[in-house]
Amino acid sequence: MQKQLDKIYDPAKVEDRLYKFWVDGGYFHAEADPEKEPYTIVIPPPNITGQLHMGHALDETLQDILIRFRRMQGRATLWLPGTDHASIATEAKIVAAMAEEGITKEDLGREKFLERAWEWKRQYGGRIVEQLKKLGSSCDWDRERFTLDEGCNKAVNEVFIRLYEKGLIYRGERIINWCPTCCTSISDAEVEYEESDGNFWHLRYPITDGSGYIELATTRPETLLGDTAVAVHPDDERYKALIGKTVTLPLVNREIPVVADTYVEMDFGTGVVKITPAHDPNDFEVGLRHNLEVINVMTDDAHINEKGGKYAGMDRYEARKAIVADLDEGGFLVKVEPMKHNVGHCYRCNSTVEPRVSKQWFVKMEPLAKPAIDAVKKGDIKFVPERFNKTYFNWMENIRDWCISRQLWWGHRIPAYYCADCDEVMVTLDAPCKCSKCGSTNISRDEDTLDTWFSSALWPFSTLGWPDDTDDLKYFYPTNTLVTGYDIIFFWVARMIFSGLEYTGKAPFDTVLIHGIVRDAQGRKMSKSLGNGIDPLVEIEKYGADALRFTLATGNSPGNDMRYVPERVEASRNFANKLWNASRFILMNLPDDEPAAHLPEKLSMEDKWVLSQYNRLVAEVTDNLDKFEIGMSVQKLYDFIWDVFCDWYIELCKVRLNSEDKTAAATARAILVYVMTGVLKLLHPFMPYITEEIWQTLPHDGESIMVSEWPKFTESLVFDEDEREFGRIMDAIRAVRNRRAEMNVPPSKKAKVYIDTVYGDTFRKGAIFFERLASASETEVQEGVEVENAVSIVTVDAKIYIPLGELVDLAAERARLEKEREAVLKDVAFVENKLNNPSFVEKAPEKVVAAQREQLARHQEKLAMIDERIAALK
RNA sequence: GGACGCUUAGCGCAGCUGGUAGCGCUUCCGCUUGACGUGCGGGAGGUCAGGGGUUCGAGUCCCUUAGCGUCCACCA
């Protein structure tokens, strides 16, 4: 059987086949195993409406790296996947689709609408899941969940009822953010503020007793219709006399009081504020303090309602125009001042949000926030990087009650029932057949559903069976790492933390690994409107999933944004190809009956060198992954594989592989397979496909690399002395190459290399490599040897001569040596300077001082050799 | 108004607990070297944004200034 691989790695031929192999093998599936330590990640469930984008690709890649790493370490590893019902986004899509057919939600009715929504979910909800698979994500698909499935619904109801009974969920009339397009309330977190150009309309309201006017200013003149007071600061001398009097509201002719409230800033505007309790959160508070009437003047779709008199029926902006015109005409408009101010927009549809009073359900946050803050303070939960603690604290410490009811149908329906006769509110799991208070059967269920994030907040435990005390919950919960972007800390992470603590008594995870967003090559956010998004699936098709993953994992540090530069994916693709060809080389040299990776008894200097380097790599990569330093670990793998293994070790091995010495060749093969196998394992979490494909082709034990054992650092495989020894050879080879390149000698022009060194044994062992790697025709190692008419090269360890015949120019040789001497002198001076500084020697750690002394000795040795050589040339 | 981040080679980025600056791409020179030209060898390119401080020693810690960016709050 001749093992043959293509010259170029073609991911398309490999990926789907291997993914199927993994799924069929059940390697992604996790079971509670008391013998093992669990490791759990729950996926941030992507919206069913979504398409895979680079943000997902990054998020999934990081998770899969951690998951595959821990799985190979022997942990019972669960990556729990699923999707989010995304109430607003999904409902909006379905409503839009229906609009094309000319039907509305109301036409269909709730039940029919939901049927349609589920049908839509069945059709499109699976799309994103299939896309996740393309990345190579090793999720346990047997446990796939949906935030609106039965289990999640059970958890949601349980939580709602418990919190209600505890008094932490309440229903009340409060100012909420209303999206007139989505026609629902949204939470504070769902409002995005954007600075925009507006006007500051200065108005004057006549004082009812005829004594004049009071001037004030507003950015939303249409809310005048709902004004129920005018406020001034109690200490404001200008207006003290007016407090307690009334003014007559222009256009409306309502008599409203002038109240004193410290909320008013005397220095801002005229120091007078019109108070519209129904349409501004601050005004609402003022209204409560002064017992003001609350007049809601707007409809659900932001038109003026019947309370607005002649303006009723107008859109809010039409009304604004009309009112301003009427005010002007009536002499109530003093001036219009252009002004920039922040306007809130719905994070889903970007409509301008309308603050308004509405009867909604809220979660009382203060008692929940406190333990959630403590959990992070105590270190039960760690943010990586740590700076996000601050973001989190800042939000949690200033949090307001969470508006959780939504005027939507697609979502978890609120388990509250109302008696039409006595207004009793009943919050229960099962619909009551009669009122618990008056016995009436005239009962109806709350029409509203819950904020999507209410169910997402329970995700780490609802997916494991909570509220039932299941075996899975006991074993896999609390989960370990949560991986997500900083843009979602408030929406999701914070809410999972207080939810987990409140309902399960445990922090839902111990670490939150935060990543940034993936931007385009120019650093712009990828967006639909800009059309600058890069489709991960297209990239996978072009370069392979491994290359994409590798790119996203490289040069990326936690919490920071990154740019997606096409050249980088190419570099990753090239790296995959490099690895592929290295394995191709090894395979070409392997007999059919080659045993799986093992270490032979008798190792050469270069074997020990590479094993040492490899072994250190194992330690470092493992350590980096333990600390979530993913970018660093991947960089080290890249450097080792390309530089140490391919450019050096494979080249070195060619000598033995081609020699007559069968034992030597076998040793080289064994080390090649050993290191390659180990490196494939270390690389597997980052590049799962190619590593599996190669691993399967190489001699191996076990079914799949993904369930093979993660390499362990082995003390006995550190060979300091051999590393040092081989380092001398490498230095010398590099010096020879360097000199030849400098002199423009083509590799085809070979010449004998003479080496004068005190490290005779080392250089005799390494002599052959000068032929392989430094264009030597033959190599002679001899202490004190001197060669006439040769190019000379000095390293710290050796003087090297290459008789290059007509190319040798002794004057140039001398000049070059003089130049080199200058450079070494500088090095000597630099180190000497340090060592001559008494406070350095005194205060610096011994290790550092010793290292500097050694450094100096090396510089001096080199200097001495250069001097000798210069003397000889004279 | 508050908080945070970034500023390192032409470009994109690393740089962990402070000890004479690294990677990829680009660029220049050379190479049909029996794994790979998606490659090999060699080179050029940086007063680590400015200023101050701590320290024997700072890209790395502290203060400060500037530019860019993000988040939170929000004065009607």
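Results, tabulated for the structure shown:
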{"item": "Rg(Cα) / (2.2 N^0.38 Å) computed for segment A:346-454, rounded to two decimals", "result": "1.44"}
{"item": "Surrounding net charge for A:A864, when Lys and Arg each add one and Asp and Glu each subtract one, Cβ distance under 14 Å", "result": "-2"}
{"item": "Separation in nanometres of the label points that stand 7 Å from Cα toward Cβ, at A:R724 and A:L590", "result": "3.6"}
{"item": "Assigned charges on the beta-carbon of Lys, Arg, Asp, Glu; segment A:768-833 dipole about Cα centre (debye)", "result": "240"}
{"item": "Point-to-point label distance, A:A741-A:E868, nm (Cα→Cβ direction, 7 Å offset)", "result": "2.8"}
{"item": "Label-point gap, in nm, between A:H29 and A:K378 - each point 7 angstrom along Cα→Cβ", "result": "3.8"}
{"item": "Ranked packing of A:36-42, A:238-244, most packed first, by mean Cβ within 10 Å", "result": "A:36-42, A:238-244"}
{"item": "Charge dipole (segment A:215-358, unit charges on Cβ, about Cα centre) - positive-most of A:V324, A:C346, A:A229", "result": "A:C346"}
{"item": "Highest to lowest packing among A:161-170, A:245-254, A:432-441, A:497-506, scored as the average C-beta count within 10 Å", "result": "A:497-506, A:245-254, A:161-170, A:432-441"}
{"item": "For segment A:529-559 versus segment A:846-874, the gap between their alpha-carbon centres in whole angstrom", "result": "49"}
{"item": "Segment A:38-191 - share of DSSP beta bridges that are antiparallel (%, nearest 5)", "result": "25"}
{"item": "Heavy-atom accessible surface of chain A: percent carbon and sulfur, 1.4 Å", "result": "48"}
{"item": "Principal semi-axes in Å for chain A [√(5λ), Cα gyration tensor, largest first]", "result": "71, 35, 24"}
{"item": "Radius 15 Å from Cβ of A:K528, net charge of other residues (Lys, Arg +1; Asp, Glu -1)", "result": "+3"}
{"item": "Residue-averaged [θ]222 nm for chain A, counting only DSSP H segments that reach four residues, each worth -39500 (n - 2.57)", "result": "-13500 deg cm²/dmol"}
{"item": "Descending semi-axes in Å of segment A:81-120, equivalent ellipsoid built from Cα gyration tensor", "result": "19, 11, 8"}
{"item": "Student exercise, chain A dipole from Lys, Arg, Asp, Glu Cβ charges, in Debye to nearest 20", "result": "900"}
{"item": "0 to 90° range, to nearest 10: angle between helix A:630-639 axis and chain A longest Cα axis", "result": "20"}
{"item": "Dipole magnitude of segment A:6-127 about its Cα centre (Cβ charges: Lys, Arg +1; Asp, Glu -1), debye to nearest 20", "result": "240"}
{"item": "Estimated FRET transfer efficiency (A:E255, A:H341; beta-carbon r; R0 25 Å; 0.05)", "result": "0.25"}
{"item": "Additional length obtainable on full extension of the chain from A:K359 to A:D10, 0.36 nm per residue less Cα span", "result": "119.7 nm"}
{"item": "Leading residue at positive end of dipole, segment A:1-95 (Cβ point charges), from A:Y19, A:P81, A:I41", "result": "A:Y19"}
{"item": "Helix axis angle, A:688-697 relative to chain A longest principal axis, alpha carbon, degrees", "result": "40"}
{"item": "Burial ranking of peptide ranges A:268-279, A:96-107 (average Cβ count within 10 Å, highest at the top)", "result": "A:268-279, A:96-107"}
{"item": "Accessible area (Å², per residue) of chain A, counting only protein heavy atoms and a probe of 1.4 Å", "result": "44"}
{"item": "Principal axis dimensions, largest first and in whole angstrom, of segment A:1-123 by Cα", "result": "67, 44, 25"}
{"item": "Euclidean distance of C-alpha centroids, segment A:666-721 and segment A:191-240, integer Å", "result": "74"}
{"item": "Cα-based helix-to-principal-axis angle, A:87-100 vs chain A, degrees rounded to 10", "result": "70"}
{"item": "R0 of 41 Å, Cβ-Cβ distance A:Y170-A:T208: FRET efficiency to nearest 0.05", "result": "0.60"}
{"item": "Theoretical FRET efficiency, 1/(1+(r/R0)^6), r = Cβ-Cβ of A:K112 and A:K525, R0 35 Å, to 0.05", "result": "0.35"}
{"item": "Between segment A:577-615 and segment A:163-183, the Cα center-to-center distance that results, in Å", "result": "65"}
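The values are calculated or read from the model by the stated rules, or taken from the named source; none is laboratory data. What you see is a predicted model; the values in this text were computed from it and never measured. Methodologically, a virtual Cβ is constructed for each residue, glycine included, from the backbone with ideal geometry; neighbour enumeration extends over all protein chains shown. Each accessible area value is taken on the protein alone, full model and side chains, heavy atoms only, with ligands, DNA and RNA left out. Shrake-Rupley method; radii C 1.70, N 1.55, O 1.52, S 1.80 Å.
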